[in-house]
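Read through the structure below, which is laid out as structure tokens, and then see the notes.
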Amino acid sequence: MAWSILESWGVQLLQFLTFLVIARYVDATMLGIVAMALLVGQWFQMIILSGISASLVSKGTADADLDDTAFWISAAAGALLLIATFLLADLVERTAARQGLGMVLRWLSVANFLGALNVVPQAWLTRALLMRPLATRSTISTLVGGLVGIALAVAGYGVMALVAQNLAVAVIGTIILWAACPMRPRLRFSREKARDVLFYGRHVGVTGAANFFNANADIMVIGLALGGAATGIYTVGKRALLAANLMLARALSRVALPVFSQLKGDPPRLAKAFLRIVSATSSITTPAFVGLAIVSDEFIFLLFGPRWAAAADVMRYLSLFGALQAIGIYNQSLMLAMGKPQWQTWLAGIYALVNIVTFFFAVEYGIAAVAAAFTARAYILYPLSVWPVVVLLPLGWRDYWKALRPSVVASLVMAVFLWGLRFALAGQAPIPMLLSTVIAGAAVYMIVLGLVGRTIVVDMFHFARAGGKRVSSTS
């Protein structure tokens, strides 16, 4: 977990800083085109590659024949996507009426193919809980890609700066990953192992398809209905949420599936671990996302500039969604670890259907309405995501709420205090307002959390101290 946290923080800070710089040199339309093109890679990752990866990690132990078979399946899928993208890129550009989209799709298809080649070595390291090489790979590739993208953006290359950034990250990441992983694929293919991969992966893949629409239906609807400029503005607001979510939640969630898989034979111990990791994550992410919602105006103005001011409302609503998403990730990991991927498939399908219908009606009111609808749907349907947890583990709804209660109560108190403070400071410049909100919010939250959730504070202190010692001893 310590190495996973270091990776998430380092990578997301680098990506976000790169995005800040590039956003000042390219316009909203260019950002919108690249955001739409990146959806292909996300679709491929969530529907095809995630199922292959989950089938390997969930085994808990190494299986050379399974790894070899999975590699050739993923490589073949990547090659087919590469060929299909090159053949259909122009048709997609004409259909979407977005000039330049075809060229971006072709270049990014190379990155998608490299992603397919990386699935098995990344799953191999994750299954072995070897997070240090993964952290090194992500940090170095992100840094190199960021420098390439910034240099080309400043030089006036526009959309190609964004394309080159993604390609550089993919190429450098592939080289480092394969150098760090001792596993090498052999020319072996087992039909039995292929059935195992495809049988397990089909549920994860269908779930990934639904999750893809859950995560990206807003961008697709806005892109088709409101155009590239609106998509670019929405992407800026959503990008801030994505960076914060990956920094604060993904670090722990990446470890959740292999850990849950190893503990599934001891349900009481797994239940205890599940509640502690949910409680720990919520204690960090809930106040952070609530705080982002409160300071969204100053955040967008100071970091992106006044021409992106319309993204503030998007960020405000989606930040409230992020607070829920950060803990909901563990529900999916638990279902996969317990061999119930089909449960998540049904849940994701329900969410996707509701999202598409909701966005269809909300988009006519603008991008802020889409973001608000996205968040409202998440809170209304969240109990459906918790239901499998109380069925699969020896715990109840009260236990789940008890794990969240301290951070939720402390965050609500913080929010009320900050609304009053900001009302009293109305008219202040953005920087003083932002600093006052952050400092006061952090102080109030920690005081209240110490009063209502002292155990969480002690757990986080012990975790930070143990993690720091562990990283130091392996450096």
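Test residue 290 against the criterion of being among the β-branched types (Val, Ile, Thr) and either open to solvent by 20 Å² or more (accessible area, probe 1.4 Å) or not assigned by the TED database to the domain that holds residue 272 (or both), and give yes or no. Let's see the steps before the verdict.
Working: among the β-branched types (Val, Ile, Thr): yes; either open to solvent by 20 Å² or more (accessible area, probe 1.4 Å) or not assigned by the TED database to the domain that holds residue 272 (or both): yes.
Here the answer is yes, as residue 290 does meet what is asked.
If residue 113 satisfies all but one of (1) surrounded by fewer than 20 Cβ atoms within 10 Å (Cβ to Cβ); (2) at pLDDT 90 or above, what's the number of the condition it fails?
It fails just one condition, (1).
Would you point out which residue out of 66, 143, 125, 91 is farther than 21 Å from residue 195 by Cα, open to solvent by less than 30 Å² (accessible area, probe 1.4 Å) and assigned to a helix (DSSP H, G or I)? Lay out the reasoning, then the answer.
Details: 66 fails: farther than 21 Å from residue 195 by Cα; 143 fails: open to solvent by less than 30 Å² (accessible area, probe 1.4 Å); 91 fails: open to solvent by less than 30 Å² (accessible area, probe 1.4 Å).
Being farther than 21 Å from residue 195 by Cα, open to solvent by less than 30 Å² (accessible area, probe 1.4 Å) and assigned to a helix (DSSP H, G or I) holds for just one of 66, 143, 125, 91, which is 125.
Open to solvent by 20 Å² or more (accessible area, probe 1.4 Å), without any contact (Cβ under 8 Å) to a residue 60 or more places away in the chain and in contact with a helix residue (DSSP H, G or I) (Cβ under 7 Å, 6 or more places away or on another chain): does that describe residue 377?
Numbers: open to solvent by 20 Å² or more (accessible area, probe 1.4 Å): yes; without any contact (Cβ under 8 Å) to a residue 60 or more places away in the chain: yes; in contact with a helix residue (DSSP H, G or I) (Cβ under 7 Å, 6 or more places away or on another chain): yes.
Yes; evaluated as a whole, the condition is true for this residue.
Among the numbered criteria (1) free of Cβ contacts under 8 Å to residues at least 40 places away in the same chain; (2) over 26 Å from residue 350 (Cβ atoms); (3) open to solvent by 50 Å² or more (accessible area, probe 1.4 Å), which one does residue 199 miss?
(2)
Only one of these is at pLDDT 85 or above, buried (at least 20 other Cβ atoms within 10 Å of the Cβ) and among the aliphatic types (A, V, I, L, M): 275, 318. Name it.
Details: 275 fails: buried (at least 20 other Cβ atoms within 10 Å of the Cβ).
None of the others qualify; the one that does is 318.
What number of residues within region 331-349 satisfy the criterion of being touching a Leu at 6+ places or on another chain (Cβ under 8 Å) and closer than 20 Å to residue 286 by Cα? Lay out the reasoning, then the answer.
Quick first cut of region 331-349, residues touching a Leu at 6+ places or on another chain (Cβ under 8 Å) only: 333-338, 340, 344, 347.
Filter once more, keeping what is closer than 20 Å to residue 286 by Cα: 333.
Within region 331-349, residues that are touching a Leu at 6+ places or on another chain (Cβ under 8 Å) and closer than 20 Å to residue 286 by Cα number 1.
The values are calculated or read from the model by the stated rules, or taken from the named source; none is laboratory data. Small disclaimer: the values here were computed from a predicted structure and weren't measured. Glycine also receives a Cβ, built like all others from the backbone with ideal geometry; neighbour counts cover every protein chain displayed. Note: accessible area is taken over every heavy atom of the protein model, side chains too, but ligands, DNA and RNA are not part of it. Shrake-Rupley method; radii C 1.70, N 1.55, O 1.52, S 1.80 Å.
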